[in-house]
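Reviewing the structure listed below.
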Amino acid sequence: DAKTTQPNSMESNEEEPVHLPCNHSTISGTDYIHWYRQLPSQGPEYVIHGLTSNVNNRMASLAIAEDRKSSTLILHRATLRDAAVYYCILRSGGSNYKLTFGKGTLLTVNP
Amino acid sequence: EAGVTQSPTHLIKTRGQQATLRCSPISGHTSVYWYQQALGLGLQFLLWYDEGEERNRGNFPPRFSGRQFPNYSSELNVNALELEDSALYLCASSFLRANTGELFFGEGSRLTVL
């Protein structure tokens, strides 16, 4: 499985934007970039995914570098509820639908 | 619509015993995934079932096993429990043919081995 590298932790203030980086220099052409988050004492929750183009949904935006070797999850206005561990994951576009989670980034949101 | 449900929520066993954890996927989902999350660690992939077949297996010993039933629910069995098996066991489901590959996770079953 192609690997991802994320900072161990990041801190933000409430109502400010947050940019969570992810490096995936060994990404293959068919790998999708997925983001999940895990709130305390809960199972992971899907956030967003993309292949080549930037993506937006109600939760966040995903900015993908032109060479696809890195991506950034953008939370436009952080809330206290966004405090969680954020996982950047590569999923093969082939028949292997397994997701391999790394250690993720622990996001702390200050009031 | 009901989400992924797991039972039991908590389970306490002693070393050497067997544990059985259950998972009901979202209606219409044919794939079930099992993950282990030990305290302070990330999610480790255990097993993936689809249409009743084991499709992939993580780097775990054979005493971790499971199955998927015709109604797509799944069971994870852990034999000869060891202290390090204490963890949160998460189940996720997806509709394999969907191109999003999004996994929907349950709340998990916390297994404590004494």
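The values are calculated or read from the model by the stated rules, or taken from the named source; none is laboratory data. Everything numeric here is computed off the predicted structure, so don't read it as measured data. Cβ placement follows ideal geometry from the backbone for every residue including glycine, while neighbour counts extend to all protein chains displayed.
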Going by the conditions given, is A:Thr100 β-branched (Val, Ile, Thr) and assigned to a loop (DSSP other than H, G, I, E, B)?
yes
Kindly indicate the residue of the stretch A:43-65 that is in contact with a Gly (Cβ under 8 Å, 6 or more places away or on another chain) and not in a strand (DSSP E or B) and also nearest to B:Ser93 (Cα to Cα) among those meeting that condition.
A:Gly43
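One line per residue, one yes/no per condition, for (1) assigned to a strand (DSSP E or B); (2) of a type in the set (Gly, Ala, Ser); (3) under 25 Å from A:Leu51 (Cβ atoms); (4) at pLDDT below 95:
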position: B:Gly42; (1), (2), (3), (4): no, yes, yes, yes
position: B:Glu54; (1), (2), (3), (4): yes, no, no, yes
position: B:Arg67; (1), (2), (3), (4): yes, no, no, no
position: B:Glu75; (1), (2), (3), (4): yes, no, no, no
position: B:Leu90; (1), (2), (3), (4): yes, no, no, no
position: B:Arg97; (1), (2), (3), (4): no, no, yes, yes
position: B:Glu102; (1), (2), (3), (4): no, no, yes, yes
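Within the stretch A:16-43, can you find the residues that are within 12 Å of the chain's Cα centre (by Cα) and either within 13 Å of another protein chain (Cβ to nearest Cβ) or without any contact (Cβ under 8 Å) to a residue 24 or more places away in the chain (or both)? I'd like the intermediate steps shown before the answer.
Looking only at the stretch A:16-43, we keep the residues that are within 12 Å of the chain's Cα centre (by Cα), and these are A:18-24, A:32-38.
If the condition is that a residue be within 12 Å of the chain's Cα centre (by Cα) and either within 13 Å of another protein chain (Cβ to nearest Cβ) or without any contact (Cβ under 8 Å) to a residue 24 or more places away in the chain (or both), then A:Tyr32, A:Ile33, A:His34, A:Trp35, A:Tyr36, A:Arg37, A:Gln38 are the ones that fit.
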Of the residues in the stretch B:27-69 that are aliphatic (A, V, I, L, M) and surrounded by 16 or more Cβ atoms within 10 Å (Cβ to Cβ), the one that is nearest to the other protein chains (Cβ to nearest Cβ) is B:Leu43
What is the one condition in (1) surrounded by 15 or more Cβ atoms within 10 Å (Cβ to Cβ); (2) touching a residue at least 12 places away in the same chain (Cβ under 8 Å) that B:Asn77 does not satisfy?
(1)
So in the stretch A:15-30, with the set limited to residues that are surrounded by 14 or more Cβ atoms within 10 Å (Cβ to Cβ) and touching a Ser or Thr at 6+ places or on another chain (Cβ under 6 Å), which one is nearest to B:Arg57 (Cα to Cα)?
A:His24
